[in-house]
Amino acid sequence: MPQNGVCIRTNHLNKTFGPIPAVRDLDLEVHEGSRFGLLGPNGAGKTTTVRILSGLLIQTSGTATVCGFDINTHRDKIKAVTGLLPETPGLYSKLSAVEFLEFIGALNGYSKDASHRRIDQLLAILGLESRQDDLLESYSSGMKQKVLVASTLLHEPKLVFLDEPASRLDPSASALVKELILALAEETATTFFVCTHQTSLAEDICDVIGIIINGQLMTLGSPQEIIATAKAANLEKAYLKIVGGKVDRQALLAWRA
Amino acid sequence: MSHKWFAITKAEYFVLTSSLRPHRKIWMSILLIFGLIWAAYLAPLFIGVVVDFIMPLSEFRGLLLVMFPGLMRAVMFLLFMLLFLMPLSYALQEIKIGQWEILFSNNVRTRDILIGTFLGKIPIYGLIILFLAPPLISVFFLAFEVSLLGQALIYGTLLLMVVTTMWLSNFVTAMIQSKLGDSPRGDDLAKGLAMLLAVAITCPMYGLMFFAPQLSSILGMNVFLLFPFTWSADVITWLAVTFNGLGLAGIQIAAFQDILQLNLATSGLLMVAFSIACLGIGLAGADRVFTLRMGARTETITTIRSENLLLRGMRRVAPGAFGSLVVTAFKDFFRKVQNLSRIAYGVILAVIFPFLISTITFIDASGVDLAILVLMSGIGMTLIGGMTFAGTGFLESKNQLWIIQSAPRGGSRYIKARLALAFLVLLPLTLLPVLVTTVLNGLNFILFSGFFIFSYAIACGSAMFATGLTALNPNYDDTRSPEHMMNLMMSIMVPEFLMMSPMLLIVIGAIIDVPLNRILVNIFGVFGETSAWAITSAIPILVVSGLVVYLGTRSLGQPEY
Ligand SMILES: Nc1ncnc2c1ncn2[C@@H]1O[C@H](COP(=O)(O)OP(=O)(O)OP(=O)(O)O)[C@@H](O)[C@H]1O
Ligand SMILES: [Mg+2]
């Protein structure tokens, strides 16, 4: 299991898609029980990183260990102890929420009876119990996201990858998911690896934050450290300073001429 | 008013020709120029040579003249089906109301959409006609020695018919799309419908291939005077007759009058009136028919009630995680209309096939030829197994694949569950035709059992091939993708070929003087020669399909590069 409390360690991780570098020389260390936030602009390489670490994508070069397992040789072991919330929901349109979760449970080796209690309780926590027997095709995108959150946590993973967990959720649902993450991290020592571009979400739940731009890790530290070094009022301002989100009014309107 | 319809035309044209994208203009010009040369010069030349090669035209001509009216109707019927149903089936596979919403929000009128999408299709379908029509028609141009004016008029008629049909098809497509809407359920229904339409297209094609004479005589019947394609066909016949260079006159023309019943003027008038009516209805109906209920997910919500007996039984038999996966696979499979229409297709095939086989095997009165029975049922079973499980309905999207892959050995568990589903579904689909065959041919119980095992093995082998191939080359829910075409074609053709491969080997063996037949019988012939046949026919499918499943499972479990 994790050596000296390190859950994820990457070593010069690189990924290129043809000519496009998606991840460049990534060196990361995420500690067990921590809540790591990976921030960055669109196309920075966040999703690519998560896919590599969860064993779905093969890196171009470099190495990494996840929960003590090498990503090159022990993918199935990694998959057994991690959960992944993908960026876009790939649900079965013709299954109900309960049936879909049963399916995910079975993929992870649980029989129906073994997963049923958890499914009911997770759906109740997420406020879906009144709709749990409706086909997923009729769910709103936020409801689908909730089902996916449930599917990610179902087999009680030690490490959870969340790719944009709250992008489709309403404020109260997003607060709920935040609380769920915090509670799981504190009570069960689950490690979270969260990709997001919502700085407020990262500020609220993460104890370590990395900012990645064009595949390169630019900044690493606790939210407070990052805010302090950037001399900003909050994480959003700090993010904008680091990423270079300064906007030029003139340029914004120039296209109308 | 800018030319909104023109923008839509361009978009549609770009979509249809996207495979030629880098050099679209050059390719289309080359195709057009070559098409024109083909139509005006090469095709007649080529056909002339072929006809001369088969039989001098002078001996052949009489037959051609007699065949012409009926055959013309058959061809026009086929063309009508093709032009009407093909775009419809194609469009239904991907309902584009999302695009419509964008168009409407840009203040485009339905009429513009109709005209735009229609004109956008013309180049590509025009080219298809340009390449397909000349070889068919040239024979008759030669037979009747039709003058140039006549040829031009005939091509004009053909063009009118093609354009009218496409306009009609375009209108109906748009209407169905707007009715089904952009709801998952509508989308699902549309896919199911598209499958059935595809069958409706293929059946007449096969029919024409095998039963051309009968079909044309059927289509010669008077009922068909009610159908628009008959009118165009008859106009073409009349034009060929009128502008003939053979000196047909008087009595001969009266003979055509007897067959066709309507004269040139009447047929022509009907045809033109039909075209104008179509155009008018389309234009006038456009803005009235399409009052889109904006917004997706307006359909009723389906709530799942308790599980049925079958599913509960399955859970009883396999209580663990695997049972759960199979039950889920069942639910997913049977809730998609698309799959239901495949099953329906399978059942129809399963019932029709034994009848076909019996008519073939009873050619002489000496009783059933078991070997032929085995061979024919084998072909039928590869169709049923391959068709039902090829291509779609396996994975809905890439994102779904990510989810499955993020479970340990998720890909392999998933495929196993899918195979279990296929094997179970194929049980009744095999039992049905085998029972019918047994009854029709009066087989005894032992033959019935052997026959069933053989058919089931072939069907399962084909389904394994289809499943493994789809895992190797997933096309997700995209029935328009080249991957889907490939999966479907291969899943039908390869198992069929594999099943017949022992026979080919034996034939080759006979040629090079190796008595393969005797060797095989010696090895597998414990139950007699026919059983040796059956076993040797089943083995290649099972072996190759097993391999394909293995490869598919591996590729599904592999992370991406
Ligand atoms: N399958 C792929 N094929 C080719 N290029 C890809 C693929 N997946 C990602 N990329 C490229 O890799 C880069 C990083 O993409 P990635 O999805 O990791 O970004 P991201 O940080 O998750 O962005 P977002 O915030 O928009 O989700 C992008 O330039 C993208 O175009
Ligand atoms: Mg992303």
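The values are calculated or read from the model by the stated rules, or taken from the named source; none is laboratory data. What you are looking at is a predicted structure, and each value in this text was computed from that prediction instead of being measured. Note: ideal-geometry Cβ built from the backbone for every residue, glycine included; neighbour counts use all protein chains shown. Only protein heavy atoms, including side chains, enter the accessible area calculation; ligands, DNA and RNA are left aside. Shrake-Rupley method; radii C 1.70, N 1.55, O 1.52, S 1.80 Å.
Candidates are the residues of the range A:169-194 that are away from every other protein chain (no Cβ under 14 Å) and not in a helix (DSSP H, G or I); the one that is farthest from ligand 2 (Cβ to nearest atom) is A:Ala189.
Checking the range B:424-442 against the condition returns no match, with no residue being within 14 Å of chain A (Cβ to nearest Cβ) and open to solvent by 10 Å² or more (accessible area, probe 1.4 Å).
Contact map, the range B:550-561: first residue within 13 Å of chain A (Cβ to nearest Cβ), second residue part of a helix (DSSP H, G or I) and of a type in the set (Val, Ile, Thr), Cβ cut-off under 7 Å, separation 6 or more or different chains; pairs are B:Leu556/B:Ile415. For the range B:274-290, the criterion of being facing another protein chain (nearest Cβ under 10 Å), at pLDDT 85 or above and open to solvent by less than 30 Å² (accessible area, probe 1.4 Å) is met by no residue.
Within the range A:241-253, one or more residues are assigned to a helix (DSSP H, G or I), without any contact (Cβ under 8 Å) to a residue 24 or more places away in the chain and surrounded by 15 or more Cβ atoms within 10 Å (Cβ to Cβ). Of the residues in the range A:222-233, not one is within 16 Å of ligand 1 (Cβ to nearest atom), part of a helix (DSSP H, G or I) and more than 27 Å from A:Thr16 (Cα to Cα).
Among the candidates A:Leu122, A:Leu101, A:Leu91, which residue alone is more than 29 Å from B:Asp477 (Cα to Cα), outside any strand (DSSP E or B) and out of contact with any strand residue (DSSP E or B) (no Cβ under 6 Å at 6 or more places or on another chain)? Explain how you work it out, then say what you get.
Values: A:Leu101 fails: more than 29 Å from B:Asp477 (Cα to Cα); A:Leu91 fails: more than 29 Å from B:Asp477 (Cα to Cα).
Of A:Leu122, A:Leu101, A:Leu91, the one residue that is more than 29 Å from B:Asp477 (Cα to Cα), outside any strand (DSSP E or B) and out of contact with any strand residue (DSSP E or B) (no Cβ under 6 Å at 6 or more places or on another chain) is A:Leu122.
Residues in the range A:25-55 that are within 16 Å of ligand 2 (Cβ to nearest atom) and away from chain B (no Cβ under 14 Å): A:Leu26, A:Phe36, A:Gly37, A:Leu38, A:Leu39, A:Gly40, A:Pro41, A:Asn42, A:Gly43, A:Ala44, A:Gly45, A:Lys46.
Go through B:Pro428, B:Pro482 for me and flag whichever is more than 23 Å from B:Leu551 (Cβ to Cβ), in the same structural domain as B:Phe355 (by TED's automatic domain parsing), free of Cβ contacts under 8 Å to residues at least 40 places away in the same chain and not polar (S, T, N, Q).
When all the criteria are applied, what remains is B:Pro428.
Being farther than 19 Å from A:Pro165 by Cβ, free of Cβ contacts under 8 Å to residues at least 12 places away in the same chain and within 13 Å of chain B (Cβ to nearest Cβ): is that true of A:Thr73 here? For A:Thr73, the condition - farther than 19 Å from A:Pro165 by Cβ, free of Cβ contacts under 8 Å to residues at least 12 places away in the same chain and within 13 Å of chain B (Cβ to nearest Cβ) - is met. Scan the range A:48-63 and give yes if some residue there is touching a strand residue (DSSP E or B) at 6+ places or on another chain (Cβ under 9 Å), without any contact (Cβ under 8 Å) to a residue 40 or more places away in the chain, open to solvent by 10 Å² or more (accessible area, probe 1.4 Å) and under 30 Å from B:Val327 (Cα atoms), otherwise no. Checked the range A:48-63: at least one residue is touching a strand residue (DSSP E or B) at 6+ places or on another chain (Cβ under 9 Å), without any contact (Cβ under 8 Å) to a residue 40 or more places away in the chain, open to solvent by 10 Å² or more (accessible area, probe 1.4 Å) and under 30 Å from B:Val327 (Cα atoms).
The combined condition, being more than 15 Å from ligand 2 (Cβ to nearest atom), polar (S, T, N, Q) and closer than 24 Å to A:Phe100 by Cα, is not fulfilled by A:Ser200. Total residues in the range A:106-136 satisfying the condition of being of a type outside the set (A, V, I, L, M) and more than 7 Å from every other protein chain (Cβ to nearest Cβ): the figure is 12.
Condition check for B:Leu127 on (1) out of contact with any Gly (no Cβ under 9 Å at 6 or more places or on another chain); (2) modelled with pLDDT of 70 or more: one failure, at (1). Just one of the listed residues (B:Tyr456, B:Tyr476) is within 25 Å of B:Leu435 (Cα to Cα), surrounded by 16 or more Cβ atoms within 10 Å (Cβ to Cβ) and of a type in the set (Ser, Thr, Tyr), namely B:Tyr456. Given the conditions (1) touching a Ser or Thr at 6+ places or on another chain (Cβ under 6 Å); (2) more than 10 Å from chain B (Cβ to nearest Cβ); (3) away from ligand 2 (no atom under 16 Å from the Cβ), report the number of the one that A:Gly83 does not fulfil. Condition (2) is where A:Gly83 drops out. Selection of first residues in the range B:24-38 that are part of a helix (DSSP H, G or I) and of second residues that are open to solvent by less than 90 Å² (accessible area, probe 1.4 Å) and not β-branched (Val, Ile, Thr), restricted to Cβ pairs under 6 Å at least 6 apart or on distinct chains, gives the following pairs, ordered by first then second residue: B:Trp27/B:Leu20; B:Leu31/B:Leu127; B:Gly35/B:Leu127; B:Gly35/B:Leu130; B:Gly35/B:Phe131.
Restricted to the range A:142-168, and to residues there that are within 16 Å of ligand 2 (Cβ to nearest atom) and more than 20 Å from A:Gly33 (Cβ to Cβ), the residue that is farthest from the other protein chains (Cβ to nearest Cβ) is A:Ala166. Criterion first (at pLDDT below 80, within 14 Å of chain A (Cβ to nearest Cβ) and out of contact with any Ser or Thr (no Cβ under 8 Å at 6 or more places or on another chain)) does B:Tyr476 satisfy it? So B:Tyr476 does not fit the description; no.
Table: residues versus (1) within 27 Å of B:Gly411 (Cβ to Cβ); (2) assigned to a helix (DSSP H, G or I); (3) more than 9 Å from chain A (Cβ to nearest Cβ); (4) at pLDDT below 85.
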| position | (1), (2), (3), (4) |
| --- | --- |
| B:Glu299 | no, no, no, yes |
| B:Gly313 | no, yes, yes, no |
| B:Ser324 | yes, yes, no, no |
| B:Val327 | yes, yes, no, no |
